[in-house]
Amino acid sequence: MTDWVAEAFGAVALVFNFIGYRQNDANHYRALSAIALLSVSVHFFMLEAMAAGVGCLMASVRNVVALKYRSRAILYFFVALNIAFLLLEWFILEHGPLIFVAYASSLIFTIGSIILQDAKNIRRWFVLAELLGLTYAVLVGSIFGTLFNISNLTSIAMKMYQANELPKFSRSR
């Protein structure tokens, strides 16, 4: 029963984040993403993938806070919180080095969500964060976490294509 419930939370996250990444307004993205991140956080906690659960929970709260406040103090608080949880997991709980992948992704999302105001720039930076998240999800065996990241990467690519934001590759001779 727990696996089914965990996957259901993952499915809800997938839907909300797909819609979120298609937003043109950064605050619309942040609000929809907060719901998705809370859902995927529950999913990861149920799978006992603490680093992703913590990172996504912090991200959900961070996105709600960033709807109104995006000061340097808020940024420093969430960066410090990320680092504190990383250190807790590494030194006290003695979790493996895979947590560094999850927390690197979380830090990119943290900095991008608070500092960046332009949805185009958010999408660019979040490609890297999503690739790190995908790596983590695959390695911890999260089906919906993997689908979540693939869907997010697909959504970002589609939106970048529609907005003509994809890099131009030209042949030079």
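The values are calculated or read from the model by the stated rules, or taken from the named source; none is laboratory data. Note that the structure is predicted; figures quoted are calculated from it, not measured. For neighbour counting, all protein chains shown are included, and Cβ atoms are generated from backbone atoms with ideal geometry for every residue, glycine included. In case anyone asks, the SASA skips ligands and DNA or RNA and just uses the protein heavy atoms, side chains included. Shrake-Rupley method; radii C 1.70, N 1.55, O 1.52, S 1.80 Å.
Placing +1 on each Lys and Arg Cβ and -1 on each Asp and Glu Cβ, with no other charges, gives the chain a dipole about its Cα centre of roughly 1000 debye.
Subtracting the Cα-Cα distance of Asn27 and Val61 from their residue separation scaled by 0.36 nm leaves 10.9 nm.
Using the heavy atoms of the protein chains and a 1.4 angstrom probe, tell me the accessible area per residue for the chain in square angstrom. Present the calculation step by step, with values, prior to reporting the outcome.
Details: 9170 Å² over 173 residues.
Here the per-residue accessible area is 53 Å².
Using a Gaussian network model of the chain in which every pair of alpha carbons under 10 angstrom is joined by a spring, one finds that among Glu94, Glu48, Glu130 the greatest mean-square fluctuation is at Glu94.
For the chain, what % of the accessible area comes from carbon and sulfur atoms, probe 1.4 Å? Before the final figure, lay out each step's value.
Working: 6350 of 9170 Å².
On the chain, the fraction of accessible area on carbon and sulfur atoms equals 69 percent.
Taking a point 7 Å out from the Cα of Ala163 in the direction of its Cβ, the residues of the range 27-44 whose backbone N falls within less than 11 Å of it are 27, 29. For the range 25-62, backbone nitrogen atoms closer than 15 Å to the point 7 Å from Phe77 Cα along Cα-to-C-beta are found at 58-62.
How large is the translational diffusion coefficient of the range 36-91 in µm² per second when you combine the Kirkwood radius over alpha carbon pairs with Stokes-Einstein at 4 °C and 1.567 mPa s?
Working: Rh = 11.7 Å.
Diffusion coefficient, whole number: 111 µm²/s.
Leu139 to Phe100: extension gain in nm, 0.36 nm per residue of separation minus the Cα-Cα distance?
Extra length available between Leu139 and Phe100 comes to 12.8 nm.
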